[in-house]
């Protein structure tokens, strides 16, 4: 399959184990898991016994459950994973994430129950586009996959949400909103456009044909760089707290 014909830049050729790797949306999953680490790092001293369960819960909920439900809803990645397996993956992963959250509610703070409920609603409501898609949009994405992981990481670490965590949540909201705006164009071209016509005519007289690469190259490069940048920031903050 030509690279620009794939449904995402991280999508592997369809079939077999490759479909399951594609399903994880690895660059974006790492991006949003980094928000959990950033929230924890700005909130206080890091404890492996708190941050690692939070990361595991988000990996199960976002990396697997949300993406499995999203693939079940219209097959945007074009995988060949049977529907019953996607349902099983989503249910088992979400159940695992909820179990981790409940354990935290009993051992750390009962307020974690609020994060568990909010997270479960976000995963199912956003990914399955329930209630007429009211939970599926740019703002909802930025809140659910940007601000919420930061606040969860902060509370899991410090059992409170202070000003640094709120500012970090605002950062994640704005960056996730930018991510959504960039990826909307890329997704549309990669997954829906079947033919591109036209050319660019510049003032110096040169011309350039308009192709799918013309339409998505800049946005996609920005997304790749941003995903790497957020992971690097998270690692830097974690390193600062653990040094």
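More than 22 Å apart: what percent of Cα pairs in region 55-193 qualify?
Above the 22 Å cut-off, region 55-193 has 42 percent of its Cα pairs.
Using Cβ counts within 10 Å as a stand-in for footprinting exposure, how do 150, 238, 121, 194 rank, fewest first?
Values: 150 30, 238 17, 121 13, 194 5.
So the ranking, lowest neighbour count to highest, is 194, 121, 238, 150.
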Based on alpha-carbon centroids, what's the gap between region 77-99 and region 106-136 in Å, whole number please? 16 Å
Based on alpha-carbon centroids, what's the gap between region 48-74 and region 164-219 in Å, whole number please? 26 Å
Using all alpha carbons of region 153-243, what is the percent of pairwise distances in each 10 Å bin, ordered from the shortest bin to the longest? 13, 30, 25, 17, 10, 5, 0
Have a look at the chain and give its Rg and Dmax from the Cα atoms, expressed in angstrom. 19.3, 69
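Taking 2.2 N^0.38 Å as the expected size of a compact globular protein, what ratio does the Cα radius of gyration of region 4-128 give against it, to two decimals? Numbers along the way, then the final one.
Working: Rg = 15.5 Å, N = 125, 2.2 N^0.38 = 13.8 Å.
After normalising by residue count via 2.2 N^0.38 Å, the value is 1.12.
Test of understanding: ordering 107, 22 by Cβ neighbours within 10 Å, fewest first, what list do you get?
The fewest-first ordering by Cβ neighbours comes to 107, 22.
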Helix 26-43: inclination vs the chain longest Cα principal axis, degrees, rounded to 10, gives 40 degrees
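FYI, it's all coordinate maths here, none of it is from the lab. These numbers were taken from a predicted model, which means no experiment stands behind them. We place every Cβ from the backbone using ideal geometry, glycine too, and count neighbours over all the protein chains shown.
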